[in-house]
Amino acid sequence: MCFGSDKPAGASAYALSEIGIQLYCQKGAESVCVNLRSPTFNGTGSERHRSAMIRKSLVAASRSPKLEHLVSTSPLSRAVVNRFVAGNTTMDAITKAAELRDKGLYSTLDRLGEDTHDRAQADATTQAYVELLHGIGAAGLSEWAEVSVKLSAVGQALPDIGQQVALENALTICRAANEVATTVTFDMEDHTTIDSTLDILSKVREQFPSTGGVLQAQLYRTEDDIKKHSFSGSRIRLCKGAYAEGPDVAHIERLDIDKSYVRSMRALVDSQGYPMFATHDPRLIQIGQALTLRSGRAKDSYEFQMLLGVRPEEQERLAGLGYKVRVYVPFGNQWYPYLMRRMAEKPANLALFLRSLIQRS
């Protein structure tokens, strides 16, 4: 189905097909028309296989201590990483949040760190988030900055007691956020952690209803999870997914992931919750604009989210049009796994990273 010059005034339409996604929406003088076709669908089988292999290799690279040491100790790599990571310290993150605020951009600050099996480390990470939140409040950034937390970093992966420890630490962080009038979003990791994470999210929301969760469009279950966890006052970040998952639980083809993302967008827009669309894809951004326009949602009832260092001009352009745009600001010295996963999530980010290396050299 195509919507061309004969599109009806004041109408809206939406179609998913075998070869792409087309959407047209008009409300008053404002309109959006989108034709989404997956580059991977149009490519050859070998091209799709090559893209999948690159993604799998990058995920594997994120777990390689030898490669991490090689990249982390390169002065050239560190200079480029500064584009994508705010710095090593809490103050670096707060400074970056203030810079973004001055551009009309919101932020979510993420203290980088992987899962821990040590209770003391989990508690230390929790305390670091409490201090970060106090810093956000002291800097007058509560309206503009929130935090993102991986539950595996605050105890979820601990044997036997992980669920309870993660819940306790999550509540501690959310209490600190509440004290300075900001919010917390729990990041999602691979599919084996989803039930645990959503259970903790539900329990935390009993005390702090605005706590955000993350759902990944690549997973088959996501549309059902939206129905269960997106309600009045709730916040859901929708991303494509940065973890290598098997065909038993996830879409593998990029087109199928894109189509799932759009279906999930539509479900979020039609819900009573607060959608947070995490994507850099211009086609998906346009579809988000069209769906929200069609629904009559006010521009302050949802937001777009992008990564620090990726499409900064687009971030400012959208903010200039009145959209709420939040930038994901990672900080800390454990940046290597984060960067590898971001490139695996969208291999085009690898080209961006390599271009930055070439420009620096």
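Bear in mind that the values in this text are calculations on the coordinates, not laboratory data. Please read all numbers here as calculations on a predicted model, not as lab measurements. A quick note on method: Cβ atoms are made from the backbone with ideal geometry, for glycine too, and the neighbour counts reach across all protein chains shown.
Give 203/259; 96/259; 66/96; 227/299; 103/228 a once-over and call out the pairs whose C-alpha atoms are over 28 Å from each other.
Pairs exceeding 28 Å: 203/259; 96/259; 66/96; 103/228.
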Local electrostatic count at residue 322 - Lys and Arg +1, Asp and Glu -1, tallied over other residues with Cβ under 10 Å = +1
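Among 185, 116, 192, what is the fewest-to-most ranking by other Cβ atoms within 10 Å?
On the way: 185 24, 116 21, 192 10.
Ascending number of Cβ neighbours within 10 Å: 192, 116, 185.
So what is the relative contact order of segment 95-215, in percent, for Cα pairs below 8 Å that sit 6 or more residues apart?
Values: 179 pairs, mean separation 30.3, N = 121.
The value is 25 percent.
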Peptides 165-173, 99-107 ordered by average Cβ neighbours within 10 Å, highest first = 165-173, 99-107
ask   = Between residue 87 and residues 5 or more places away or on another chain, which pairs have amide H atoms under 5 Å apart, with H built 1.01 Å from N, and which residues are they?
value = 332
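At a 10 Å Cβ-Cβ cut-off, how would you order 256, 160, fewest neighbours first?
160, 256
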ask   = Extension gain residue 314-residue 175, at 0.36 nm per residue separation less the Cα-Cα distance, in nm?
value = 46.7 nm
request  = Would you mind checking which residues have amide H under 5 Å from residue 234's amide H? H placed 1.01 Å from N; only 5 or more apart, or other chain.
outcome  = 274
message = How far apart, in nanometres, would the label points at residue 272 and residue 64 be if each is projected 7 angstrom from Cα along the Cα-to-Cβ direction?
response = 5.0
message = Which of 158, 238 has the fewest other C-beta atoms within 10 Å, and how do the rest follow up to the most?
response = 158, 238
task = Starting from the amide H of residue 250, placed 1.01 Å from N in the peptide plane, find each other amide H under 5 Å away whose residue is 5 or more places distant or on another chain.
result = 220
key: Residue-wise HN-Hα coupling along segment 166-171, computed from phi with Karplus coefficients 6.51, -1.76, 1.60 (Hz; x: Gly, Pro)   = 4, 5, 4, 5, 4, 5
